[in-house]
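Structure first, commentary second.
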């Protein structure tokens, strides 16, 4: 018995050798909370929980698999992965499907969202490119890096998918930032954005997107129309109070006042049922995940690993702040899911896979002691 | 190769820089997440109360609970107006889509009359689209079943249970109870939002007068609803207050007897308890079926009622009125005594024709000269001469004041709406109508209840009650007591302290004796007393509206309403201890005042002896003394000049 137990422990230890247990613990906590809230929010459709759990299992497997690949090999593959991942982005423009644009490719057994892959391949490519150059990046390096971001970003905006575009672009920008991008660039970017905004408003943004922005500015202007989602979401959040109405007791979602309450607005369900304490707990878990990623990145020995792990960790933050801000009326409505809480999409898988890359960085760094 | 070399050289510096940047990033992330957490704290803790309220407002919708309308009972507890469960079809226009096609499809399974559709269109324009509008009341059982099967085809259409008003005795109480009808725009404007859940309101009669009490108070259930508005469960309620029940002083048996006593005649009558003012029976004939109005009367039915020359919808007791004729003489006699102009034993010599000093025109008695006439005889034999002279001696101003004291020219205060207050002849009243001044002859004919007089049957009944009960001008009323629920006690309706018509019992006694004399040999009503085991007191009268000659053979039912003669009788019994007083008016196309008295006798018999009259049509009793005033007022006025 004792021997068997030791063997089992040994096998488990070997299996989990590359897995960062701190990260895994936080992720499992978030996934458990996510499934619990989904169980409540999707009470009319219990199969959602199973589908989501299956997705988590798949994502954890991908995470585990990726964590076992040494970053040197990842680095070697990076340009190829980046190049290949651009192809489905082109393809989706031709044969894609979706509510507001061409976002998904129907593979028969599931809907594949090509922009999810680029969320991993772009940080890889940026890390690969930047580690070849002297850092902080010089002017032409920033321009080329910007070009690497612009290609997938342009393709995604053509779909158009503003939320994903923003997530993808931010992961690239984070790579530049971590590589030591001069602060002047940020000043220039802010000024540029101010110049581009009117152009975007009149030439690029679609009606529903303009409506979202106007609604953000004053949701009460159209309480039964475009403002409905945000008003109902804020009511759900605010009604939760400090300790919440209790699991399964959220009237806003259970009585269908809250739209999309299993996907984009699931954090509002959590807020209603578990109150501010639930919100603070989840935000703390997210902060821990991001901090752990940055820690792993900072500990890494080579530039590629550092930038890859850091950029992926920080892009996690964009999900949280954009979704959390959007459903509470702090930011305009952008279709970004809450990581590991929102139901569906390929995002859960790609998020876990990305964290697998971070774990790979953590697992394969040379030990100080040896 | 160059860059790579440099990178290797600067590896430590790059690592340091990365760590700096990572630290900055972490702090920024932490600050951003703390801001987000702070924002949520504001929503969830600081502004929690507001959002909690809005969340409740979202899910909890008040749903009106319509109380049952109060029931109406007769004095023996028989139900005269009740509520029966029924179904109606409500349509919410906003949810129904194309209304035209909806109505077309619905009409294949539910009978929709043109009146239903007309009313629906009218209401649709008046109400907002999310409020339900009733398309049809009283949906039949078969129709309801058909609709229930096909329900899914008709979004926005709902079969709603409700309580429908019913009048089990139909036309018997139409002019007492009245009816409820569909609430219309004018009603809605008066009612306010709270009661808009109601469908019916009292339109006439007691239903209207006691609307507020009968209606009760609409309550609310707090219903948790989902976003589609479907009710999920009840969270609480403000209970509806049921409408108050009314107990009438009317006795259904006496009411039936009264209708039967009228036989084929048109007219009206009031019987009341002279001691209290409780109305025991009250009819206005012809009547109508109030049930027709509850769910909206059809155009055809309404036209039939409106075109009837006998005006069945017209409440003769309350809205009608005309010259009281000789029935007012006992009160004028009392005025003569109380004014000091006459003593009961003072005699006047009736020549059969009264002349105002210095005028040629004579005012006649129907029966010629009656010789020496005292007060008692003047009432019993209805001697006009006595009253011509009395009125002339009194003068119109004093006459007018006494008549007002006896309750004429003012509503009796009966618990029915729109009561006619009548007219007491006076120069002031004439001045509002005509530029001509007052003629002495108009005073003279006022003395026999003709001329500008307008008195209602209710006023006459009250006047005779006051004589019967020792001088109290009681308020006639229909509702004896009310209760606020079936488990509550009946509480008598408060009645005002009646004013006194005289403080001199001897004067009243003389008038009473005169009225008893009517029922004795030589009196105008002697033929009525045959076989009666109780004493009666009374006074006959006639109010003419057209010339007597040339109209004798006209069928009264075909004669226009405003041209009909009115045969009148007021009286009470038993004369020594009155428990019932009546005023009866029978409309005649032609000659004769012989019908009102026998009707009164039958009412007395029914009340005092419990004998129901047979419903065979009335034949005029030729032995009853005809008691008619002089020529019509315009002729008299002309003569008075």
Fill in: Other protein chain Cβ atoms within 10 Å, averaged over every residue that makes up A:308-319
2
Practice prompt. Please give the direction-averaged projected area of the C-alpha convex hull for segment B:63-248, in square nanometres with one decimal.
Written response: 11.6 nm²
Worksheet item: Ranking B:211, B:345 by Cβ neighbours within 10 Å, fewest first, what do you get?
Response: B:345, B:211
Item to complete: Give the residues of segment B:364-378 whose amide nitrogen is closer than 13 Å to a point set 7 Å from the Cα of residue B:347 in the direction of its Cβ.
Response: B:370-378
Worksheet entry | Protection-proxy order for peptides B:97-108, A:16-27, A:243-254, each taking the mean of Cβ atoms within 10 Å per residue, highest first | A:243-254, A:16-27, B:97-108
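Report, in cubic angstrom per residue, the convex hull volume of the C-alpha atoms of chain B.
Values: hull volume 163.5 nm³, N = 641.
Looking at chain B, the number lands at 255 Å³ per residue.
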Worksheet item: For segment B:98-144, what's the radius of gyration and Dmax over Cα atoms, in angstrom?
Response: 10.9, 31
Worksheet item: So what is log10(I(q)/I(0)) for segment B:101-204 at q = 0.10, 0.12, 0.19 1/Å, when the Debye sum runs over its Cα atoms only?
Response: -0.34, -0.49, -1.13
Worksheet item: In nm², what is the average projected area of the convex hull enclosing the Cα atoms of segment A:1-94?
Response: 10.2 nm²
Worksheet item: Based on the mean of other beta carbon atoms within 10 Å per residue, what is the order of B:451-460, B:12-21, B:566-575, A:45-54, most packed first?
Response: B:566-575, B:451-460, B:12-21, A:45-54
Worksheet item: Taking every residue in A:237-249, how many Cβ atoms of other protein chains lie within 10 Å of its Cβ, on average?
Response: 5
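Could you put B:40, B:526, B:87 in order, starting from the residue whose Cβ has the fewest other Cβ atoms within 10 Å?
Going from sparsest to densest Cβ surroundings: B:526, B:87, B:40.
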Worksheet item: Order of A:149-162, B:71-84, B:303-316, B:387-400 by packing, highest average Cβ count within 10 Å first?
Response: B:387-400, A:149-162, B:71-84, B:303-316
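Could you work out Rg/(2.2 N^0.38 Å) for segment B:174-310, with Rg from alpha carbons only?
Output field value: 1.41.
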Worksheet item: Tell me, Kirkwood radius of segment B:25-172 from alpha-carbon pair distances, in Å?
Response: 20.0 Å
Worksheet item: Hey, what did chain B get for relative contact order, percent, Cα under 8 Å, at least 6 apart?
Response: 14 percent
Item to complete: Please report B:207, B:141, B:50 as a ranked list, fewest other C-beta atoms within 10 angstrom at the top and most at the bottom.
Response: B:141, B:50, B:207
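Under 10 °C and 1.306 mPa s, how fast does segment B:377-463 diffuse according to Stokes-Einstein, given a Kirkwood radius computed over C-alpha pairs? Answer in µm²/s, whole number.
After rounding, the answer is 116 µm²/s.
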Practice prompt. Using the 2.2 N^0.38 Å rule of thumb for compact globular proteins, work out how the protein assembly as shown stacks up: its C-alpha Rg over that value, please.
Written response: 1.59
Practice prompt. Based on alpha-carbon positions alone, could you give the equivalent ellipsoid semi-axes of segment A:20-363 from the gyration tensor, as √(5λ), descending, whole Å?
Written response: 32, 24, 19
Fill in: Cα radius of gyration and Dmax for segment B:302-370 (Å)
19.8, 57
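So what is the calculated 222 nm ellipticity per residue for the protein assembly as shown, using -39500 (n - 2.57) for each DSSP H run with n of 4 or more, over all residues, to the nearest 500 deg cm²/dmol?
-15000 deg cm²/dmol
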Practice prompt. Take every residue in peptide A:172-184, count the Cβ atoms of other chains within 10 Å of its Cβ, and give the average of those counts.
Written response: 2
Worksheet item: Once you sort the root eigenvalues of the Cα gyration tensor of segment B:264-401 as a ≥ b ≥ c, which label holds: rounded (a/c under 1.5), prolate (a/b larger than b/c) or oblate (the other case)?
Response: prolate
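Quick note: the coordinates plus some simple rules give every number you see, no bench work behind them. This structure is a prediction, so every number in the text was calculated from the model and none was measured. Positions of Cβ are generated from backbone atoms using ideal geometry, with glycine treated the same way; all protein chains shown enter the neighbour counts.
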